[in-house]
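First comes the structure, then the notes that go with it.
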Amino acid sequence: MLKSLRNIVRAAGFSLVELLVVVGILSVLSALAAPSFSLMVANNQVRTGAEGILSGLQLARTEAIRRNTNVSFTLNSGTGWTVATVSPASNIQTRPANEAGRNLQVTSLNGQTSLTFTPMGEVFNYSTGGNLTRVTVAPSAAISSGDNLRIDISAAGQIRMCSPAITITNDPRIC
């Protein structure tokens, strides 16, 4: 009886050759998956950065309506932003510059970095040259590939995030 138990235990293990074959297969598979994984990480960083800016814009608009006063949104360096009341001037909320990651390039149309929402939720003195109307979040030049996301702000205060890469006309993510 004892001898048969030893044979069962010995048969249940792995040999060194079998273990090396499995490790070799796993290393080849991970080497093949690494480029896709880095692209997924870059796209996640872009989405996180764009959603952070989007939430700041929505906060500014909501606070302007809730407080019945003008509230400004200022885009700081990177994905950072500040939401503040205009009069009296006081900060409502601030986000750090690289909250979503350091590998992002944030640009705005005509280099504008701020806008003000009125108590009606509209953009105060809306003009494409005078205030922030579009923000684009993209991977930095250090990362060669990845998706871009764009945030558009209308005169009525509507804020919409879209993807310039989408070309299907009935897709709601199209710009």
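The set of residues from region 87-108 being in contact with an Asp or Glu (Cβ under 9 Å, 6 or more places away or on another chain) and either among the aliphatic types (A, V, I, L, M) or surrounded by fewer than 12 Cβ atoms within 10 Å (Cβ to Cβ) (or both) comprises I92, A100. As a summary of the residue check, T69 satisfies the conditions (1) touching a helix residue (DSSP H, G or I) at 6+ places or on another chain (Cβ under 9 Å); (2) surrounded by fewer than 18 Cβ atoms within 10 Å (Cβ to Cβ); (3) closer than 17 Å to G56 by Cβ except for the one numbered (3).
Scanning region 85-99 for residues that are touching a residue at least 12 places away in the same chain (Cβ under 8 Å), at negative phi, over 24 Å from the mean Cα position of the chain (by Cα) and part of a strand (DSSP E or B) turns up at least one hit. State whether the residues of region 59-78 include one that is within 12 Å of the chain's Cα centre (by Cα), of a type outside the set (D, E, K, R) and outside any strand (DSSP E or B). Yes. A single entry from T79, T48 fulfils the requirement of being at pLDDT below 95, surrounded by fewer than 19 Cβ atoms within 10 Å (Cβ to Cβ) and under 25 Å from I174 (Cβ atoms): T48.
T94 passes every criterion in (1) at pLDDT 85 or above; (2) out of contact with any strand residue (DSSP E or B) (no Cβ under 8 Å at 6 or more places or on another chain) apart from (2).
Which residue is nearest to G78 (Cα to Cα), if the candidates are limited to region 105-139 and must be of a type in the set (A, V, I, L, M) and touching a residue at least 60 places away in the same chain (Cβ under 8 Å)? Spell out how you get there, then give the answer.
Let us first name the residues in region 105-139 that are of a type in the set (A, V, I, L, M), namely 106, 109, 115, 120, 123, 132, 135, 137-138.
So of that shortlist, the ones also touching a residue at least 60 places away in the same chain (Cβ under 8 Å) come out as 135, 137-138.
Numbers: V135: 11, V137: 9, A138: 11 Å.
Looking at the filtered set, the residue picked out is V137.
Could you please find all residues in region 57-72 being closer than 10 Å to I159 by Cβ and not aliphatic (A, V, I, L, M)? Hits for region 57-72 are Q58, R61.
Taken over region 51-66, the criterion of being in contact (Cβ under 8 Å) with a residue 60 or more places away in the chain and either closer than 13 Å to R95 by Cα or surrounded by 18 or more Cβ atoms within 10 Å (Cβ to Cβ) (or both) is satisfied by E51, I53, L54, L57, R61.
The values are calculated or read from the model by the stated rules, or taken from the named source; none is laboratory data. Just so we're clear, the structure is a prediction, and the values are computed from it rather than from any experiment. Here the Cβ is made from the backbone with ideal geometry for all residues, glycine too, and neighbour counts use every protein chain on show.
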